[in-house]
Amino acid sequence: DTQWNTDTGATSCMTPHRHWIQDMAPCCIPVCIATDEVVYALGKGSVLFQPVVGGIKLCPVLFSRVLYVPDINNNLFAVISLAQKRDVTTQFSKNGVSFTQDGKQFMTATYYNKAAFLDGHTIPASG
């Protein structure tokens with residue numbers, strides 16, 4: 001799965017894709033997933049995301065402190081963590097989700113099957 005699910009319950013952004021993570025540092029952090037199963041994050045680093053809003057590429061966004069969790073199936077984008085740590089306003093409406101900072105929209109998400117997925121794509125880490 002290459003899409004980022006906007007997750008209001010996630011405490012950190014997480015991905016099973018090692019090749020997306022820049023500057024990964026090893027770690028061993030227990031993560032309780034939706035099935036109440038505990039899996040482990042084996043690394044932590046940054047992921048670069050290319051937002052696309054209305055067909056237009058906006059400035060890439062760096063997701064920091066992303067956990068590498070090989071035993072999950074989806075990429076989880078921690079909405080509440082972003083709002084608290086970076087003073088981002090997240091607005092959920094019937095049309096989708098909008099992320100703004102200092103009054104400027106920098107990212108959106110589109111609803112699909114009762115979930116919202118970020119509009120754009122991940123830029124894999126180089127080397």
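Just so you know, all these numbers are worked out from the coordinates, no wet-lab data involved. Values in this document were obtained by computation on a predicted structure and should not be read as measured data. Here the Cβ is made from the backbone with ideal geometry for all residues, glycine too, and neighbour counts use every protein chain on show.
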Which residues, counting only those in segment 45-65, are more than 13 Å from Ala125 (Cβ to Cβ), of a type outside the set (S, T, N, Q) and in a strand (DSSP E or B)? Pro51, Val52, Val53, Ile56, Lys57, Val61, Arg65
Could you say which residue among Ile21, Ile72, Ile33 is over 26 Å from Asn113 (Cα atoms) and β-branched (Val, Ile, Thr)? Ile21
Name the pairs whose Cβ atoms lie under 6 Å apart, with the first residue in segment 31-44 and farther than 10 Å from Ala10 by Cα, the second of a type in the set (Gly, Ala, Ser) and exposed (fewer than 14 other Cβ atoms within 10 Å of the Cβ), and 6 or more positions between them or separate chains? Lys44/Ala25
Residue among Phe77, Phe49, Phe99, Phe92 that alone is touching a Cys at 6+ places or on another chain (Cβ under 7 Å) and hydrophobic (A, V, I, L, M, F, W, C): Phe77
Subset of segment 45-76, residues closer than 17 Å to Thr2 by Cβ and in contact with an Asp or Glu (Cβ under 8 Å, 6 or more places away or on another chain), comes to Pro51, Val52, Asn73, Asn74, Asn75, Leu76
Surrounded by fewer than 16 Cβ atoms within 10 Å (Cβ to Cβ), free of Cβ contacts under 8 Å to residues at least 40 places away in the same chain and either under 22 Å from Gln101 (Cα atoms) or in contact with a Gly (Cβ under 7 Å, 6 or more places away or on another chain) (or both): is that true of Arg86 in this structure? yes
Those residues of segment 10-30 that are of a type outside the set (Phe, Trp, Tyr), touching a residue at least 60 places away in the same chain (Cβ under 8 Å) and under 26 Å from Thr90 (Cα atoms) come to a total of 9
Report, by residue number, each residue of segment 61-81 that is surrounded by 13 or more Cβ atoms within 10 Å (Cβ to Cβ) and over 19 Å from Ile29 (Cβ atoms). Val61, Val79
Yes or no: Ala41 part of a strand (DSSP E or B) and among the small types (Gly, Ala, Ser)? yes
